[in-house]
Each structure stands twice: as C-alpha cells, then as structure tokens.
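Step one of this worksheet: look at the structure below.
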Amino acid sequence: MNTAVSAASLYNRVSRVIPKAEWMSFEEDVEAILELKRKRNAVILAHNYQTPEIFHGVADIVGDSLALARKAVDVDADVIVLAGVHFMAETAKLLNPTKTVLIPDTEAGCSLADSITPEDVALLRKAYPGVPVITYVNTSAAVKAASDICCTSGNAKQVVEALGVPRVLMIPDEYLARNVAKETNVEIIAWHGHCEVHELFSAEDVRQLRENHPGVTVLAHPECPPDVVAEADLAGSTAVMSDYVGEKKPARVVLLTECSMSDNVAVHHPDVEFIRPCNLCPHMKRITLRNIRTALEENQHEVVVDANVAVAARRAVERMLAV
Ligand code: SF4
C-alpha cells in the first residue's frame, strides 16, 4: 500500500474535527507510523481521550479502559503501543506478558493512580479485616496486586454485586465509589482519590449549560462528583456515552468528561451538536503522534512489570474480566 495515499485519505475521517492545514502537519508522522506498524507487526491501542489524529488516524483498537483491557487479550501482534496513560500500558502488559508493550511517554500518569500505594491497601485491610478490596483499573500494577478484584467505571456496580458480600472497599476513586453506592445495597467504603479532570465539573456548570443550551442532553462520567451526576441525564463510562449518542441521536449533547472524547465521538455523528466544556487531561495529552513514532522507531519505553506483582495483578484483572 502506498503510505502517502493512505495518510492523505485518512483525512476524510477527521475532517469535521481537524482543520486541513493542521492535518497536513500530521501527515508525515502518520505515514511513518503506518509503515512502522507494518514493519514491526505492531498495533496501537488508543484510549477515548486521545486526540483525533491518534484516535482516528493511527490507532488499531480504541475504547475505554475496559474495552482496551479486553481487546488487549486478543491482540495478534509482536508489539503493542499504548496511546494512553501508564496504568493502561501496565494492564496491557499484564494481559500480554509475552508481547513488547511500549508507552510513548513514561510521565503519562494519572492523579487517581498516584493517590494510593500498596502500603495504603495493606493499612485498609488491617482497618477493615475480611472486607474485599475492589480496585479501579486506574491504579498501578502493584496496587492491583494488593487487591482482590479490579473494576472499571463501566462495570463497577456489577463487580460490587458479584462478590455477594454486604460490604466492600472500593479504591481509589471516592466519587466513583459514592456514585456506585447510590445504586446498590452493598455498603461501599471509599478512598480519597480523585480524577483531576472530572473533579473540575460542578453542579452549577450543569445548570449553566442547561440555561445556555436549551434541550441539551447531559451525560456525565461517574468520576464526576455525585452532585454533578445527580444533575445529569445519564451517568456512564465513555463507552456508555458513546453508545448513547449513537443510539438516541440527541439533537444537542454535552459529555462531562475529557475534552477529546467529544471530538472522537463527533466524527461519527455529524447530525448531533456537541457542546464542549473543555477539561483536558495533561497526562493523556503527553502522548503525541511524534512520540508514538519515536516509540516504534527506538523501541521505547518498554513497560516491565515485576513477575510476582504481575501474577497477583493479573489475577485481579482476570477476575474482573470473568464477571
Ligand atoms: S482523565 Fe483523570 S482518570 Fe483519566 S488518566 Fe487523566 S487524571 Fe487519570
């Protein structure tokens, strides 16, 4: 395949969200990445919060944390490049131990993952003996290893109820835990971690949005504070939001989540008006076409998970995938 033609033809996909002049500045890297993927038998996994030139331009598999975790299992490639943050790359490595997993920037972290350590989990277990620990996937492999089972924003309630116990610890996202607690009879003990992007939304923002954009449908991510979720029409993971827009085709919608999500969903729905209050994740935005290209050229930065940690962390992830 002629890579130059391929990169240029990709523009049709993103023309609604990327100006032509800007896309032209991306073309050289897109072409190089397409060629490198073929040469190295590599695939790119991109989270919904990646910018459209990555998400629609070079990614092979896209989705939220749960989708990436699931699809990573079936990846038929020698190399996986994770266009997302570090815990996602670790999860891909846990599920693909024999493959080379690369993250283009090792500083692509997460405020939730940084909010808790395995030592904190040990202290929680002491404080609440016998209470199972459910860990949101936005955590390090070491914290997952210290836990009983993982969850994502897409399956948190399901996981809580699948354990069949009256009380669980759900770490580290306080808001996710409180939002799930409203939907279940299981008692949930929360940690105090927050997503630095979603905690910026307020209930007042939602009221203002409704006033300024009559008829707007408000979809909120469950990492938003509970009073924001209470004001929204629906709370759900990025996959739920995307499906909702596809199925219900609201005339006007606002997605209370990271900025790039609206761009990526809007590409498929020219008939829907997206209102875009913009909160950027600085960690997600560390990933660029240029450093994806360098990752493939230089085989950097390889994600390595300690063997003992990997066994226990994989168990927690696989338990989640089995739910
Ligand atoms: S959006 Fe929030 S939860 Fe997601 S990577 Fe950024 S800081 Fe972490």
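The values are calculated or read from the model by the stated rules, or taken from the named source; none is laboratory data. Keep in mind it's a predicted model, so treat the numbers as computed, not measured. Cβ sites come from the backbone with ideal geometry, for glycine too, and all protein chains shown count toward neighbours.
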If you check VAL303 against the conditions, is it surrounded by fewer than 18 Cβ atoms within 10 Å (Cβ to Cβ), closer than 28 Å to ALA42 by Cβ and β-branched (Val, Ile, Thr)? no
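Results for (1) in contact with a helix residue (DSSP H, G or I) (Cβ under 9 Å, 6 or more places away or on another chain); (2) more than 16 Å from the ligand (Cβ to nearest atom); (3) among the acidic types (Asp, Glu), shown as yes or no for each residue.
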| position | (1), (2), (3) |
| --- | --- |
| LYS248 | no, yes, no |
| VAL253 | yes, yes, no |
| THR257 | yes, no, no |
| MET261 | yes, no, no |
| ILE275 | yes, yes, no |
Return the residues of the range 146-180 that are under 14 Å from GLU223 (Cβ atoms) and outside any strand (DSSP E or B); say none if nothing qualifies. THR152, SER153, GLY154, ALA156, PRO172, GLU174, TYR175, LEU176, ALA177, ARG178, ASN179, VAL180
The condition of being in contact with a Cys (Cβ under 8 Å, 6 or more places away or on another chain), of a type in the set (A, V, I, L, M) and buried (at least 22 other Cβ atoms within 10 Å of the Cβ) holds, among VAL85, VAL101, VAL81, only for VAL85
Failed item, numbered, when ALA127 is tested on (1) under 15 Å from the mean Cα position of the chain (by Cα); (2) more than 10 Å from the ligand (Cβ to nearest atom): (1)
Determine which member of the set ALA239, ALA235 is touching a Gly at 6+ places or on another chain (Cβ under 6 Å) and within 16 Å of the ligand (Cβ to nearest atom). ALA239
One residue from GLU161, GLU107, GLU119 being under 20 Å from the mean Cα position of the chain (by Cα) and of a type in the set (Asp, Glu): GLU107
Scanning the range 38-86 for residues that are in a strand (DSSP E or B), within 16 Å of the ligand (Cβ to nearest atom) and aliphatic (A, V, I, L, M) gives LEU45, ALA46, VAL62, LEU82, ALA83
Test THR91 against the stated conditions and say whether it is out of contact with any Pro (no Cβ under 6 Å at 6 or more places or on another chain), within 12 Å of the ligand (Cβ to nearest atom), at pLDDT below 95 and among the polar types (S, T, N, Q). no
In the range 220-265, which residues are outside any helix (DSSP H, G or I) and under 16 Å from the mean Cα position of the chain (by Cα)? ALA220, HIS221, PRO222, GLU223, CYS224, ALA235, GLY236, SER237, LEU255, LEU256, THR257, GLU258
When you scan the range 28-46, how many residues do you find that are closer than 24 Å to VAL265 by Cβ and without any contact (Cβ under 8 Å) to a residue 60 or more places away in the chain? 4
